[in-house]
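Worksheet: one structure, shown below.
The values are calculated or read from the model by the stated rules, or taken from the named source; none is laboratory data. The model shown is predicted, which means the values in this text are computed figures rather than measured ones. As a convention, Cβ positions derive from the backbone with ideal geometry for all residues, glycine included, and neighbour counts pool all protein chains shown. Areas reflect the complete protein model, heavy atoms only, side chains present, ligands, DNA and RNA absent. Shrake-Rupley method; radii C 1.70, N 1.55, O 1.52, S 1.80 Å.
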Amino acid sequence: MRRTLTALALAILATGARAAAAAEPRAAEARYLDELLVRARVQGLAEDPGWIRLGHWRKKPTGWISEADGTRFFRSLRGKTDPLAELASTLRGFFEPAGDDPDAHVQCRFPARLQFLAERLGIDRARLPSPACPKLERFREQTAARSVTLVFSSYYLNNPVSSFGHTFLRLNKAEEARAGKGHELLDMGVDYAAVPDTKNPIAYAVKGLLGAFPGRFSRMAYYYKVRTYADAESRDLWEYDLAMTPDEVRLFVSHLWELGQTYFDYWYLDENCSYHVLG
């Protein structure tokens with residue numbers, strides 16, 4: 001009987017030791033997260049222009065509000081109107097263990113936020129989980145962006161949406177667009193446009209003016225845009241190379257990935273293609 005009790009006590013002690021060993025890394029992660037949250041508050045990072053632009057928040061008389069309207073773009077329930085709550089929730093998400101779907105991890109959904117916060121807070125990536133993010137990596141491989149060009153397509157009166165022209169982007173596989181002219185058709189075009197649900201011209205105009213269409217970012221091969229605008233519609237394409245460093249290009253591409261999971265209410269007169277491409 002005494003030997004049985006001794007074995008049972010040893011088993012309980014061993015289980016407790018294993019639980020304590022497993023809890024220690026979690027406790028260390030919690031302490032590190034608290035440290036990062038304090039750093040962010042001390043730096044006032046929630047109102048840093050870089051963070052504000054990543055969340056597309058705008059200052060209104062009543063406070064902050066994000067122009068992004070899709071709920072998946074926010075981690076916090078208050079994220080649309082509270083940059084600080086969204087920052088804290090994003091940081092916490094970085095420490096969550098990877099689940100069955102690695103692409104659903106916060107690091108995979110918000111790579112631009114991760115890059116920005118890691119730089120500003122000096123985050124030690126080795127102390128974070130390392131989800132695989134296969135869809136994100138495939139997106140980066142497909143774009144293979146080394147520079148960015150702003151493209152303006154001249155007006156086209158046969159299409160009311162394009163009566164004042166259209167603005168979109170090109171992700172170049174060459175460091176300078178001019179140097180890569182021979183391969184530009186293989187580059188990636190990035191477009192922001194309304195997603196209409198009607199072909200009625202009157203309803204189209206009314207909904208476009210009242211912000212009743214969702215606006216979304218999309219990507220396509222650049223040759224498709226050239227075929228549509230230059231070949232089919234005989235529109236001029238004006239190209240302006242953007243002066244961006246490699247880190248800025250990487251941040252830019254990462255943020256485009258983030259925008260793929262949300263939408264913006266499309267307003268023809270103000271929050272249109274040019275407005276959000278500029279943003």
Report summary line: Going through segment 95-115 in order, the residues found to be at pLDDT 95 or above and in a helix (DSSP H, G or I) are Val106, Gln107, Cys108, Arg109, Pro111, Ala112, Arg113, Leu114, Gln115
**Report entry** Test set (1) open to solvent by 70 Å² or more (accessible area, probe 1.4 Å); (2) assigned to a loop (DSSP other than H, G, I, E, B); (3) modelled with pLDDT under 90 - Tyr268 fails condition number
**Finding:** (1)
Report summary line: Subset of segment 145-185, residues at pLDDT 80 or above, hydrophobic (A, V, I, L, M, F, W, C) and more than 17 Å from Asp247 (Cα to Cα), comes to Leu150, Val151, Phe152, Phe168, Leu169
Query raised in the report: Is one or more of the residues making up segment 116-123 at pLDDT 95 or above, aromatic (Phe, Trp, Tyr) and in contact with a Leu (Cβ under 7 Å, 6 or more places away or on another chain)?
Result: yes
Report task. Return the residue satisfying two criteria in turn: it lies in segment 186-196 and is assigned to a loop (DSSP other than H, G, I, E, B) and surrounded by 12 or more Cβ atoms within 10 Å (Cβ to Cβ), and of such residues it is modelled with the highest pLDDT. Result -> Asp187
Query raised in the report: Taking segment 197-228 as the region of interest, how many residues are over 20 Å from the mean Cα position of the chain (by Cα) and open to solvent by 70 Å² or more (accessible area, probe 1.4 Å)?
Result: 11
**Report entry** Yes/no for Glu258 being touching a Lys or Arg at 6+ places or on another chain (Cβ under 8 Å), modelled with pLDDT of 85 or more and open to solvent by less than 50 Å² (accessible area, probe 1.4 Å)
**Finding:** yes
